[in-house]
Amino acid sequence: MKIGAVGLGNRIAHVFHELSQINKNAELISYVDPLPIGKEYAEKHNFFPSKNYSNLKEMLNNEKLDLLMVGSPNHLHLEHIKVGLNSGIKIFAEKPIVVDEDQSFELAKLLGEFGHNEVLVGLVLRYSQHARSVRELIKTNVLGNIISIEASEHIMPWHGGFFMRNWRRKEKFSGGFMLEKCCHDLDFYNMIVGCRPIKVASFGGRNSFIPKNSPSDNLEEFSKYNLFGWESEKKVFDSDADIVDHQVAIIEYENGATLAFHTNMRVPDEFRRFAVIGTNGMVEGDFVRGFLKAHDQKNNIVLDEDYGAAFGASKGHYGADNLMLQDINNHLLNSAIKLPVGVKDCIEAGIVAMKIDESRKTGKIIDLTNSWNKLDEEMKNRNE
């Protein structure tokens, strides 16, 4: 399996390495990236490709690839996906797949022309053991109709410091923190509810990573994750970031279910927790701590698992990276094998994040009806 990468950062380097441990025939033979931050990781694991191209079209014209991995900065994903689709190559793209609604609709139109199955996405939480177990609870009606969800994704101060220094600190590159970091979570809850959000409201801002909160000592704790690559800077609390460092969102779904979501990037004891409450029972879990526990309506425990003990909280998205690459490898070898998440899901989760930010900026409740109508229209197969 010959693979090329556009954007060879640490994430794509890690994804390829996981794949290569599953499929020994996987080979990263070329890349496009003027400043490959993933080089050190790739060299450490003996797979840094010898062929470097100045642009994606040149690479695809000169190499016979089975898969293109897109790990470039978010605002470039659409451009690179478009080149890949026009070259007739299968694509794996990191999330978020685009950065704004215009790009979402343009990608939808491309998928209507080339097909939804040509682009695979890295929405890794759908592959997690938590997600697999929750899907089974839903399938067996343990939860009943989903009524409400309380959820959060919090990250440690050093991780927040990374966001304040990396290119992701600029909304024009990343699409914003809610999109860049929390689209995983929004997709996960879309899966659980089983329909689209219809209204969103949000509040938040940058109130933690500001100059007056800069510590007098131990500042290195906020900058120890040193990946000074493209568009990076060294400042943390006084950086030129225009993203938020905390945000809350309230979501109403088409079926009446609701979600209250909270994210903060300066939490000493981070967690990624959820409680899903239905008419027949409830399930609560934490990706970081590893537990997943479900009760029926009579408070009987019907599931009590500790997935952290099996995978380790620090191992590639709680073990989900490995599970994702196993499934993707099987799909690449046999396209009849279905994946738990698709590019349409990724676009939808992205639009939700964008509308959440629109609410935060405007102070208004945002209705998503028009966005969904336009997305569905653009995604129709133009060849039909």
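The values are calculated or read from the model by the stated rules, or taken from the named source; none is laboratory data. It should be emphasised that the depicted structure is a prediction, and the values quoted were computed from it without experimental measurement. Cβ coordinates were reconstructed from backbone atoms using ideal geometry, including for glycine residues, and neighbour counts include every protein chain displayed.
Any residue at all in the stretch 160-175 that's touching a residue at least 40 places away in the same chain (Cβ under 8 Å), under 27 Å from ILE365 (Cα atoms) and of a type in the set (A, V, I, L, M)? Within the stretch 160-175, not a single residue is touching a residue at least 40 places away in the same chain (Cβ under 8 Å), under 27 Å from ILE365 (Cα atoms) and of a type in the set (A, V, I, L, M). If I filter the stretch 243-257 for residues that are in the same structural domain as VAL288 (by TED's automatic domain parsing), crowded, with 18+ Cβ neighbours inside 10 Å and more than 20 Å from the chain's Cα centre (by Cα), do I get at least one hit? Yes - at least one qualifying residue is present in the stretch 243-257. The residue list VAL244, VAL302, VAL267 contains one member that is modelled with pLDDT of 95 or more, within 23 Å of ILE138 (Cβ to Cβ) and not basic (Lys, Arg), which is VAL302. Here GLY229 does not qualify as in a helix (DSSP H, G or I) and among the small types (Gly, Ala, Ser).
The criterion of at least 3 residues that are within 19 Å of the chain's Cα centre (by Cα) is met by the following helices (runs of 4 or more DSSP H) wholly inside the stretch 274-384: 320-333, 343-362.
Against the criterion of being part of a loop (DSSP other than H, G, I, E, B), over 24 Å from GLY316 (Cα atoms), in contact with a helix residue (DSSP H, G or I) (Cβ under 7 Å, 6 or more places away or on another chain) and touching a residue at least 12 places away in the same chain (Cβ under 8 Å), LEU143 qualifies.
Per-residue answers, yes or no, for (1) at pLDDT below 95; (2) crowded, with 16+ Cβ neighbours inside 10 Å; (3) assigned by TED's automatic domain parsing to the domain that holds ASP100; (4) under 15 Å from ALA131 (Cβ atoms):
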position: ALA313; (1), (2), (3), (4): yes, yes, no, no
position: TYR318; (1), (2), (3), (4): yes, yes, no, yes
position: ASP321; (1), (2), (3), (4): no, yes, no, yes
position: GLY342; (1), (2), (3), (4): no, yes, no, yes
position: ALA349; (1), (2), (3), (4): no, yes, no, yes
position: LYS355; (1), (2), (3), (4): no, yes, no, no
position: SER359; (1), (2), (3), (4): no, yes, no, no
position: ASN381; (1), (2), (3), (4): yes, no, no, no
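Against the definition (surrounded by 14 or more Cβ atoms within 10 Å (Cβ to Cβ), under 22 Å from ILE89 (Cα atoms), touching a helix residue (DSSP H, G or I) at 6+ places or on another chain (Cβ under 9 Å) and not assigned by TED's automatic domain parsing to the domain that holds MET324), how does ALA42 come out, yes or no? Answer is no for this residue. The helices (runs of 4 or more DSSP H) found entirely in the stretch 6-96 that carry 1 or more residues being more than 20 Å from the chain's Cα centre (by Cα), within 23 Å of HIS331 (Cα to Cα) and touching a residue at least 12 places away in the same chain (Cβ under 8 Å) are 10-22, 56-62, 77-86.
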